[in-house]
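S.K.: Before anything else, here's the structure in question.
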C-alpha cells in the first residue's frame with residue numbers, strides 16, 4: 001500500500017484499492033486512536049499510586065525507566081509528588097553469587113511477610129542485564145507463589161548502559177513503591193562490578209546470602225562485601241549440608257569479628273536457613289526488625305538515609321561532570337591527540353590534562 | 001625603619017638615621033641583592049639536571065612542589081625539557097605499616113645498589129604529612145649511610161592538601177630524577193588512605209614489606225594491597241624471628257596463589273630478609289631485575305607505563321572537573337540549599353544534581 005504514493009514511471013500500474021474496510025466507520029476509527037494515544041496524566045498516576053493501584057505504579061515506573069525526555073519530565077513530577085508519602089519502608093538489600101538461592105530465599109521471605117499483612121515490593125539492580133539481554137528477576141516463574149500474591153509487587157532490574165543509571169532508576173522506584181504503600185522493599189543484586197556498593201547505598205539493611213564451603217570468602221573480603229553486610233545468612237542449611245553450614249557459621253562469625261565496630265553500633269550476625277524448606281526465615285526477619293529498632297533508637301537509620309542522599313547527590317554530579325566533558329566532540333578528538341603526545345614522550349599526563357581542561 | 005616612610009603629623013618627629021652602615025658600599029650592597037634575587041633560568045636548571053647536578057635537581061623539585069603559579073610554569077617547562085631524558089629507570093614502590101622497618105630496608109637496598117655503581121633516588125608519597133606537619137623520610141637521620149652517599153638522592157614527601165596533588169608532584173619528580181641520571185627510583189609510602197594505589201600507579205614493581213605474625217593480613221587483603229604486590233618481603237627474619245618468618249612465608253605464598261594470574265604474567269614472590277643484618281637484600285634485588293627482564297621481554301613494562309600515563313591523565317581531569325565545580329561560590333551556596341531541600345523531602349538527590357548542573 002505504501003508504494004501507491006510513489007508516482008510510477010512503469011506501465012505496470014495498479015488502481016488504488018479500498019483504503020478502509022467498509023465495516024469501520026471513520027468516527028469509530030478516530031475514537032480508537034484517541035483512546036490508544038491517551039496517557040494518564042501526572043495527577044491521575046500520583047492519585048493511583050497513593051491509592052495503591054498497581055497499574056498506576058507500573059506505568060509510573062515505566063516512565064522512570066524511559067530514556068525519552070518527555071517521559072523523564074513526567075516521571076520527575078510524579079516522584080516529587082510522591083516524596084511526602086515515601087521514606088516509610090524497611091529497605092533491605094540482598095546479594096549473593098548465582099546459585100546461592102536468592103530467588104527462593106526472597107520468595108520465602110516475601111510470602112512469610114505477606115502472611116503477616118506486610119506489603120512487599122521486590123526490585124533488582126543488575127547492570128549486566130543490558131549486555132546479556134536478560135536480567136535477574138526477569139524470569140518471574142522463579143517466584144511463582146510471590147507473583148500470584150496480591151500483597152507483593154515484583155519488578156525486574158531496569159536496563160541501562162551504566163550502573164549509575166540503573167541504580168538511579170531503582171532508587172526512584174523505591175520512592176514510588178513506598179508511596180504506593182509497600183512497607184518492605186527488597187532489592188536484589190548479584191556481585192557484578194560495583195552493583196553491591198550501589199545497592200548498599202540505597203538500603204537500611206544489607207544481607208549477604210552464602211553457601212557453606214563455597215570457598216569464596218576471600219572474594220567477599222577483597223571486594224568489601226563482608227564489610228558491608230549487616231547479616232550473613234547461610235542458605236541450604238538442610239539435610240547433609242547442615243553440619244557444614246554450622247561450621248561455616250562459626251568461621252564467618254570469626255571473620256566478622258576482625259572488622260571494626262560499625263557506625264550503626266550493630267554487630268553483624270550470621271544465621272542459617274533453608275529457603276527451600278522455609279526454615280530460618282522467621283529468624284532472619286526477627287533479626288532485621290531488631291536491626292531497624294536498634295538503628296531507629298540510636299538515630300543511625302535516619303542519619304544513614306541522609307548520608308545516602310548526599311552520596312547519590314555527589315555521585316550523580318560527578319558522573320554527569322565526566323560524561324559532559326568526555327562526550328564533547330572537541331574533547332574526544334583532542335584527548336586522542338594528547339594521548340599520542342604522551343606516548344611519544346612530548347608531554348606529561350598533567351600538562352595534557354591542563355591543556356584539555358582549558359579548551 | 002619602615003616607619004620612616006610614613007609622613008608624620010605628630011610633633012614627635014625623628015631625624016632620619018644612617019640607612020646603611022658605612023662599611024657597606026652601595027655597590028657591594030646591590031651586588032648582594034642581585035645575587036640573592038637571581039634565580040637560575042629554565043635552561044640553566046635543565047642543563048644542570050642533565051649533567052647530574054644535584055643542586056639544580058633540588059631547585060627544580062622545589063619549583064615542582066611550589067604552589068606559586070610562576071613557579072609552576074617554570075616547573076612545567078623544565079619537565080617538558082627533561083621528558084626526552086626520562087623513562088629510563090627502574091621504578092620501585094615500597095609500602096609497609098609503620099614499624100616494619102621501611103627506612104632500614106631502603107637504606108640497605110640503596111647502599112647495596114650504589115656499591116654496584118647504581119644511582120639511587122629515594123622519594124616518598126605521604127599525604128598525611130600536611131596534617132601531622134611531619135613527613136616520612138623527613139627525618140633523614142634514619143638513613144645515615146645513604147644520606148652521605150654521593151650516588152644517592154633522598155627527597156622527603158611533598159606536602160599537599162590532596163593525595164592527587166602529592167602524587168602528581170612525586171610523579172613529576174621521577175621525571176627530573178631520571179633526567180639527572182638516577183637509574184633506580186625507590187618510592188616509599190605508608191598505608192594511609194589510597195596512597196598505595198597512587199604509588200602502585202607510578203612504579204614498575206610494587207613491594208610489600210611485612211613482619212612475621214603481625215596479624216594484619218586481613219587488612220592487606222581488604223585494602224587490595226596484597227593484590228597489588230609483585231613481592232612480599234618479610235623483614236626482621238633474623239635470630240628468634242627466623243622460624244616465624246619462614247612459616248609466614250609459606251602462608252603468604254598460599255594467600256598469593258588464591259589470586260588470579262597478573263596481567264604482567266609474573267607470579268608474585270615471597271622472600272625473607274633482615275635489613276638490619278643486611279641479609280637477603282641481594283636476593284630482593286635479583287628478584288626485581290628478574291621482574292624487569294621478564295616484563296621487558298613480554299612487553300608488559302612498556303604497556304603498563306602507558307596505562308599509568310592514561311590513568312594519571314584521566315585522574316587529573318576528574319579531580320579538576322570536580323574541584324572547578326565545587327569551588328564555584330554559586331555552587332557552594334546552592335549545594336547547601338539543595339541538601340536542605342533533600343533533607344526536608346522536597347526534592348530527590350537526582351533532581352537536585354540536575355538543578356545544580358544547570359546553574
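The values are calculated or read from the model by the stated rules, or taken from the named source; none is laboratory data. Predicted model, so just to flag it, every value in this text is computed and none were measured. Note that we place each Cβ from the backbone using ideal geometry, even for glycine, and neighbour counts take in every protein chain shown.
S.K.: Spot the failing condition for residue B:280; the list is (1) within 11 Å of another protein chain (Cβ to nearest Cβ); (2) surrounded by 13 or more Cβ atoms within 10 Å (Cβ to Cβ), and only one is missed.
M.R.: Evaluating residue B:280 over (1) within 11 Å of another protein chain (Cβ to nearest Cβ); (2) surrounded by 13 or more Cβ atoms within 10 Å (Cβ to Cβ) leaves (1) as the failure.
S.K.: Take segment A:327-359 and flag every residue that is touching a helix residue (DSSP H, G or I) at 6+ places or on another chain (Cβ under 8 Å), more than 7 Å from chain B (Cβ to nearest Cβ) and over 22 Å from residue B:84 (Cβ atoms).
M.R.: Once the filter is applied, which keeps residues that are touching a helix residue (DSSP H, G or I) at 6+ places or on another chain (Cβ under 8 Å), more than 7 Å from chain B (Cβ to nearest Cβ) and over 22 Å from residue B:84 (Cβ atoms), segment A:327-359 yields A:331, A:332, A:334, A:335, A:359.
S.K.: Continuing with the same structure: Could you check how many residues of segment B:55-91 are farther than 12 Å from residue B:180 by Cα, free of Cβ contacts under 8 Å to residues at least 12 places away in the same chain and more than 14 Å from chain A (Cβ to nearest Cβ)?
M.R.: 6
S.K.: Only one of B:196, B:227, B:251, B:240 is modelled with pLDDT under 95, farther than 30 Å from residue B:117 by Cβ and within 11 Å of another protein chain (Cβ to nearest Cβ); which? Working first, answer last.
M.R.: Numbers: B:196 fails: within 11 Å of another protein chain (Cβ to nearest Cβ); B:251 fails: within 11 Å of another protein chain (Cβ to nearest Cβ); B:240 fails: within 11 Å of another protein chain (Cβ to nearest Cβ).
None of the others qualify; the one that does is B:227.
S.K.: Determine which single condition residue A:282 fails, assuming it passes every other condition in (1) more than 12 Å from residue A:209 (Cβ to Cβ); (2) part of a loop (DSSP other than H, G, I, E, B).
M.R.: Only one criterion is unmet by residue A:282, namely (2).
S.K.: How many residues does segment A:53-77 contain that are part of a helix (DSSP H, G or I) and farther than 17 Å from residue B:352 by Cβ?
M.R.: Qualifying residue count, segment A:53-77: 15.
S.K.: Do the conditions hold for residue B:318, that is, is it not assigned by TED's automatic domain parsing to the domain that holds residue B:116 and not in a loop (DSSP other than H, G, I, E, B)? Give the derivation first.
M.R.: Details: not assigned by TED's automatic domain parsing to the domain that holds residue B:116: yes; not in a loop (DSSP other than H, G, I, E, B): yes.
Criteria met by residue B:318.
S.K.: Which ones in segment B:323-336 are part of a helix (DSSP H, G or I) and surrounded by fewer than 16 Cβ atoms within 10 Å (Cβ to Cβ)?
M.R.: B:323, B:324, B:326, B:329, B:330, B:332, B:333, B:334, B:336
S.K.: Now, a different point. Within segment B:87-127, track down each residue that is within 30 Å of residue B:40 (Cα to Cα), surrounded by fewer than 19 Cβ atoms within 10 Å (Cβ to Cβ) and modelled with pLDDT under 95.
M.R.: B:87, B:88
S.K.: Identify the single condition in (1) within 14 Å of chain B (Cβ to nearest Cβ); (2) within 30 Å of residue B:301 (Cβ to Cβ) that residue A:318 does not satisfy, given that it satisfies every other one.
M.R.: Of everything listed in (1) within 14 Å of chain B (Cβ to nearest Cβ); (2) within 30 Å of residue B:301 (Cβ to Cβ), residue A:318 misses just condition (2).
S.K.: Quick one: count up the residues across segment A:248-279 that are in a helix (DSSP H, G or I) and in contact (Cβ under 8 Å) with a residue 12 or more places away in the chain.
M.R.: Here the count works out to 7.
S.K.: Residue check, residue B:291 against (1) within 28 Å of residue B:114 (Cβ to Cβ); (2) within 14 Å of chain A (Cβ to nearest Cβ); (3) in a helix (DSSP H, G or I), all met but one. Which one?
M.R.: Exception for residue B:291: condition (2).
S.K.: Kindly evaluate residue B:310 against the criterion of being touching a helix residue (DSSP H, G or I) at 6+ places or on another chain (Cβ under 6 Å), part of a helix (DSSP H, G or I) and within 8 Å of chain A (Cβ to nearest Cβ).
M.R.: no
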